Amino acid sequence: MFTDPISDMLTRLRNALGARQSKVEVPASRLKIEIVRILKQEGYIANYRVADEEGKRTIKIYLKYQPDHTPVISRLERVSKPGRRVYAGAHGFPQVIGGMGINIVTTSHGVMTDKQARKAGVGGEILCCIY
């Protein structure tokens, strides 16, 4: 049994991208669905679908590759972990590669990117960074 489902999802994504798979399935939760929604919104994945098979909800994530078959996502990192939570204020979010990547943040207004959180003027827990 794993204790950090977000890290498990990110690891499954990294492994599938490394193996050049077209899709990957992960167990679903509301937080994971929101993270995947942001990945789709920001253009890091092609699409996703929440499926309910045999009473178990899963998220089918369709991965996106560039024309030369390199993954669009070059790095996925978990920032806040169960043993060490990382929080930032509204204007204290670190920039990912000079603004080329994104931080996914959970705030009192929901899950959003660091850019959206800065614009809304809210801080929160930095879940992961992607570039």
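The values are calculated or read from the model by the stated rules, or taken from the named source; none is laboratory data. Note that the coordinates shown come from a computational prediction; the quantities given were computed from them, not determined experimentally. Cβ: placed from backbone, ideal geometry, glycine included. Neighbour counts: every protein chain shown.
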Requested in this report: Working only within the stretch 19-46, note down all residues that are of a type in the set (D, E, K, R), over 25 Å from residue 126 (Cβ atoms) and in a loop (DSSP other than H, G, I, E, B).
Outcome: 20
Report task. Scan the stretch 34-41 and give yes if some residue there is modelled with pLDDT under 95 and surrounded by fewer than 18 Cβ atoms within 10 Å (Cβ to Cβ), otherwise no. Result -> no
**Report entry** Considering residues of the stretch 47-66 that are basic (Lys, Arg) and either in a loop (DSSP other than H, G, I, E, B) or surrounded by 10 or more Cβ atoms within 10 Å (Cβ to Cβ) (or both) only, the residue farthest from the chain's Cα centre (by Cα)
**Finding:** 57
Report task. Kindly indicate which of 85, 78 is at pLDDT 95 or above and surrounded by 13 or more Cβ atoms within 10 Å (Cβ to Cβ). Result -> 78
Query raised in the report: Which one is modelled with the lowest pLDDT among residues in the stretch 91-126 that are of a type in the set (A, V, I, L, M) and either outside any strand (DSSP E or B) or in the same structural domain as residue 31 (by TED's automatic domain parsing) (or both)?
Result: 97
Report summary line: Filter the stretch 8-31 for residues that are farther than 19 Å from residue 71 by Cα and of a type in the set (Gly, Ala, Ser); the one that is surrounded by the fewest Cβ atoms within 10 Å (Cβ to Cβ) is 29
